[in-house]
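The block underneath contains the structure these notes are about, expressed in structure tokens.
The values are calculated or read from the model by the stated rules, or taken from the named source; none is laboratory data. All values reported here derive from a predicted model rather than from experimental measurement. In this analysis, Cβ positions are derived from the backbone assuming ideal geometry, glycine residues included, and neighbour counts consider all displayed protein chains.
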Amino acid sequence: MEITASMIKELRAETHAGIMDCKKALLKSNGDFEGASKFLKEMGLAAVAKRVDRVTDNGRVAILVQGNKAAMVEVSCETDFVAENTEFKKLCDNICKKAIDENYTKVEEPLVEMVNALIATINENMTIKRLIVIDIPSDCYVSTYIHGKGSVGVITVFKADKTEAFENSDFQNFAFQCSMQVCAQEPMYLDKTDVEKKYEQDQLEIFTKQVEKLDKPEKVKKGIVSGKLSKHYKDICLNQQEFVFDNPDNLSTEKLLAKINKELGAKIKITSYYRFKAGSEA
């Protein structure tokens, strides 16, 4: 059977495989589209298996807010060249959309199949490293931030007793800057009350050792240790960090939000944040 250019074009549009692979598949199946698609899938799975052990130190983060849900994914790849590829960008966006549409809460097989299909086309190893899909209750507001070319993504969730406050432009600007703050300052915890006791105890031991040889009374030493711990909270906790945007009074995040609350006559608080960095476990 003659394999025409239009047949190859149609199969390529359906499978996203290369031109020569489509031609080979059609010849193998004697022009049968179903057989050709199956053959290409088998070829693709073989390609995936060959590349599965390759290191993926690059990648991209994508975010989608749709209806009352938000999704964020990190997809890794081998090279920064592929991370900038249009099809790779589209894959990341489509993973977020499918995860929301299908109510996924983790990486499911259909998402893996989407990645494998592109591996077979681009010939580079890729993997979904992290995925979150969160619900957005009616009394909550979500701000998002993607840094640069998708190297870091942040979702920050706020809750208010008066949701009309979410319409205020000053709040919206603050919310966006909060996500930028999370991106830039990399807090480990939302609030000092969230710090794990073991981590806190480890830090206290470190600070105690740092001051034990000081020629000062024990009471003073304890005060220095307490001060060091308080300063450490300001480094690792979002609420206690000094806000780095539009903040002439050098207020912490929580104090700046308290100021906004007073102006709006509302009670808004940050309930959670999520930060993905492409090519990293951070």
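May I ask you to verify whether Val225 is of a type in the set (A, V, I, L, M, F, W, C), under 30 Å from Ala62 (Cβ atoms) and either out of contact with any His (no Cβ under 8 Å at 6 or more places or on another chain) or not in a loop (DSSP other than H, G, I, E, B) (or both)?
Spelling it out, it is not the case that Val225 is of a type in the set (A, V, I, L, M, F, W, C), under 30 Å from Ala62 (Cβ atoms) and either out of contact with any His (no Cβ under 8 Å at 6 or more places or on another chain) or not in a loop (DSSP other than H, G, I, E, B) (or both).
Yes/no matrix, rows are residues, columns are (1) over 17 Å from Asp93 (Cβ atoms); (2) in contact with a Phe, Trp or Tyr (Cβ under 6 Å, 6 or more places away or on another chain); (3) crowded, with 20+ Cβ neighbours inside 10 Å; (4) among the basic types (Lys, Arg):
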site	(1), (2), (3), (4)
Asn125	yes, no, yes, no
Ile134	yes, no, no, no
Pro137	yes, no, no, no
Lys149	no, no, no, yes
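Taking residues in the range 222-237 that are over 13 Å from Val211 (Cβ atoms), and partners anywhere that are charged (D, E, K, R) and in a helix (DSSP H, G or I), the pairs with Cβ atoms closer than 6 Å and at least 6 places apart or on different chains are Tyr233/Lys192; Cys237/Lys192.
Considering every residue within the range 258-270, establish whether at least one is among the small types (Gly, Ala, Ser), surrounded by fewer than 19 Cβ atoms within 10 Å (Cβ to Cβ) and within 21 Å of the chain's Cα centre (by Cα). No, because not a single residue in the range 258-270 is among the small types (Gly, Ala, Ser), surrounded by fewer than 19 Cβ atoms within 10 Å (Cβ to Cβ) and within 21 Å of the chain's Cα centre (by Cα).
If I filter the range 146-169 for residues that are of a type in the set (Ser, Thr, Tyr), at pLDDT 95 or above, within 16 Å of Val65 (Cα to Cα) and in contact with a Cys (Cβ under 6 Å, 6 or more places away or on another chain), do I get at least one hit? Yes, the conditions are met somewhere in the range 146-169. Summed over the range 238-250, residues that are in contact (Cβ under 8 Å) with a residue 40 or more places away in the chain and surrounded by 15 or more Cβ atoms within 10 Å (Cβ to Cβ) total 5. Evaluated against (1) surrounded by fewer than 14 Cβ atoms within 10 Å (Cβ to Cβ); (2) modelled with pLDDT under 85; (3) of a type in the set (Lys, Arg), Lys90 falls short on exactly one condition, (2).
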